[in-house]
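**Q** Quick one: the structure is below, questions incoming.
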Amino acid sequence: MDKKKKNWMGKAAVTAAAIAAILAYYFIPSVNQTMNTILSAFASGDFTVVRAFVESYGAYAAAVSFLLMILQSIAAPLPAFLLTFANANLFGWWKGAILSWSSAMAGAAVCFYIARILGRDVAEKLTSKAGLKQIDEFFERHGKMSILIARLLPFMSFDIVSYAAGLTSISFGSFLFATGIGQLPATIIYSYVGSMLTGGAKLFVTGLLLLFAISALIVLMKQLYKENKKGRTNK
């Protein structure tokens, strides 16, 4: 099978799957209700709401969590850390970490191939044009180590990086390896913290995470300012 025919078949399969999902959402009431519940759970910003949803599936809870991680990867704005906290709180920190790590890898792979098969226009619709452009520039600056570095930085969008990587010439194996290594530290930390979150502790850790995010953003802005200043000096 030649490459052109293979690409056409890939596009047809992904497009058909997307159309089927959209039709199911609008015409099957149970699917519509479940999706709205999922979106509301993530929108709440409360991991206990996500935990309750996953837990409601009983013996299938782990499988549901796995699929949720893939879903949130495709719908890039949904916060993955809520599900990571929920997994750790529900299954224990190390089992939750394995579940979150493996499902995030699967989600990253799906995003990578959506971008590679369907191209930039679709990736921009699922993320944002500005977000992809920022990641493109990040890749240009850091070269071969871009994926690993991006995965180690908590303020970099995990999902947009996956989409952007699919638009480059990087091999899937290299992408998956860098993703697996790079996301492991954050997954372990979030899982360990998530397993202990209850009541007041939840609010305390949420505050710490916000502080960390703001601090990381300040560091990033300073770095970008230095690089821009250096670029103007070299012109």
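The values are calculated or read from the model by the stated rules, or taken from the named source; none is laboratory data. It should be emphasised that the depicted structure is a prediction, and the values quoted were computed from it without experimental measurement. Here the Cβ positions follow ideal geometry from the backbone for every residue, glycine too, while neighbour counts run over all protein chains shown.
**Q** Test TYR225 against the criterion of being among the aromatic types (Phe, Trp, Tyr) and either modelled with pLDDT of 90 or more or closer than 27 Å to ILE74 by Cβ (or both), and give yes or no.
**A** Working: among the aromatic types (Phe, Trp, Tyr): yes; either modelled with pLDDT of 90 or more or closer than 27 Å to ILE74 by Cβ (or both): no.
Criteria not met by TYR225.
**Q** Further question on the same structure: Can you tell me which residue within segment 154-177, out of those that are outside any helix (DSSP H, G or I) and more than 11 Å from PHE112 (Cα to Cα), is nearest to the chain's Cα centre (by Cα)? It would help to see each step written out before you state the result.
**A** Filtering segment 154-177 for residues outside any helix (DSSP H, G or I) gives 154-157, 167-171.
With the extra rule that they be more than 11 Å from PHE112 (Cα to Cα), the set shrinks to 154-157, 169.
Numbers: PRO154: 11, PHE155: 12, MET156: 10, SER157: 7, SER169: 21 Å.
Ranking the qualifying residues of segment 154-177, first place goes to SER157.
**Q** While we're looking at this one, here's another question. Restricting attention to segment 17-60, report how many residues are in contact with a Phe, Trp or Tyr (Cβ under 8 Å, 6 or more places away or on another chain) and not aromatic (Phe, Trp, Tyr). First the steps, then the outcome.
**A** Applying the first criterion (in contact with a Phe, Trp or Tyr (Cβ under 8 Å, 6 or more places away or on another chain)) to segment 17-60 yields 31-32, 35, 37-38, 41, 47, 50-51.
Restricting the remaining residues to those that are not aromatic (Phe, Trp, Tyr) gives 31-32, 35, 37-38, 41, 50-51.
Total satisfying the criteria: 8.
**Q** Is it the case that LEU68 is closer than 21 Å to ALA17 by Cα and not in a helix (DSSP H, G or I)? Show your work before the answer.
**A** Details: closer than 21 Å to ALA17 by Cα: yes; not in a helix (DSSP H, G or I): no.
Spelling it out, it is not the case that LEU68 is closer than 21 Å to ALA17 by Cα and not in a helix (DSSP H, G or I).
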